[in-house]
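Participant: Let me begin by handing over the structure; questions about it come next.
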Amino acid sequence: METENSNSIIDIWKERAEVLISKSVEIPHGDHSYTAKVTALDDDGSLVVMRDDNTLEKIVSSEYRIRVID
């Protein structure tokens, strides 16, 4: 989908989400949450985070309510 100024929705999201790179975030998961550091934005717009155990994970759902902690 394109917007009036010819930028795709994904491009607009990436531009807005760029400020999250290198930020520590808290991510809810079921009854608990975990902390991670945002390492990148994937081509599909998902956030790539590194968990405390150094595993990488893609956050692709809009149902997450991620909270920046630094």
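The values are calculated or read from the model by the stated rules, or taken from the named source; none is laboratory data. All values reported here derive from a predicted model rather than from experimental measurement. Cβ: placed from backbone, ideal geometry, glycine included. Neighbour counts: every protein chain shown. The accessibility values were calculated without ligands, DNA or RNA, using every heavy atom of the protein model including side chains. Shrake-Rupley method; radii C 1.70, N 1.55, O 1.52, S 1.80 Å.
Participant: Can you list residue pairs whose Cβ atoms sit under 7 Å apart, with the first residue in segment 23-34 being farther than 9 Å from Val68 by Cα and the second being in a loop (DSSP other than H, G, I, E, B) and open to solvent by 80 Å² or more (accessible area, probe 1.4 Å)? Count only pairs 6 or more apart in sequence or on different chains.
Facilitator: That search, which allows pairs on different chains as well, returns Pro28/Arg65.
Yes/no matrix, rows are residues, columns are (1) open to solvent by less than 50 Å² (accessible area, probe 1.4 Å); (2) at pLDDT 85 or above; (3) under 9 Å from the mean Cα position of the chain (by Cα):
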position	(1), (2), (3)
Glu4	no, no, no
Ile12	yes, yes, no
Glu15	no, yes, no
Glu26	no, yes, no
His29	no, no, no
Ser33	no, yes, no
Ala36	yes, yes, no
Lys58	no, yes, yes
Arg67	no, no, no
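Participant: Looking at segment 40-55 only, could you name the residues that are under 30 Å from Asn7 (Cα atoms), open to solvent by 60 Å² or more (accessible area, probe 1.4 Å) and not charged (D, E, K, R)? Show your work before the answer.
Facilitator: To start, the set of residues in segment 40-55 that are under 30 Å from Asn7 (Cα atoms) comprises 40-50.
Filter once more, keeping what is open to solvent by 60 Å² or more (accessible area, probe 1.4 Å): 43-44, 50.
The one that is under 30 Å from Asn7 (Cα atoms), open to solvent by 60 Å² or more (accessible area, probe 1.4 Å) and not charged (D, E, K, R): Met50.
Participant: Tell me which residues, restricted to segment 26-65, are in a loop (DSSP other than H, G, I, E, B) and either under 18 Å from Glu15 (Cβ atoms) or acidic (Asp, Glu) (or both).
Facilitator: Start the filter on segment 26-65 by keeping residues that are in a loop (DSSP other than H, G, I, E, B), which leaves 30-31, 42-46, 52-55, 60-65.
Asp31, Asp42, Asp43, Asp44, Gly45, Ser46, Asp52, Asp53, Ser62, Glu63, listed by residue number.
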